[in-house]
Amino acid sequence: MELVPVRFQPPARTGPAASRGATRAPAAAAAQPAAAVLHATTAHATKAPAHPATAEDADLIERQAAFDRFMQLRSELDREANALRELAMEQIKRDDAFMNAWIKLI
């Protein structure tokens, strides 16, 4: 099976949804081409014409982008939780040292 280049062509929007989506279009259009173009691995496949992406392809690209955003958010939350855990452990160590010093005075 050979790979052929595929370029994303968003479906035409009409009605009220078109006006809502118009505010997001420049940001989405800037991100789409890099993620939506598959490069061929063989020399003869690069000569094949590009095929328009289907609605399933667009849905898959959107789901992949949503997953990437979710994983970035989850990674950031994990880093924050680790930092808070380390801070709590340092506080516990200081509290233990203070308690040991207090006990020695008795």
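What follows is calculated from the coordinates using simple rules that are stated; it is not laboratory data. What you see is a predicted model, and the numbers here were worked out from it, not measured in a lab. So basically every Cβ, Gly included, is an ideal-geometry build from the backbone, and we count neighbours across all protein chains shown.
Using the count of nearby Cβ atoms within 10 Å as a rough guide to exposure, how do 76, 62 rank from fewest to most? All intermediate terms of the calculation are to be shown ahead of the outcome.
On the way: 76 10, 62 13.
Listed from fewest to most nearby Cβ atoms, that is 76, 62.
At an R0 of 30 angstrom, the distance between the Cβ atoms of residue 78 and residue 100 translates into a FRET efficiency of 0.35. Using a simple spin-label model with pseudo-atoms 7 Å out from Cα toward Cβ, residue 92 and residue 62 lie 4.6 nm apart.
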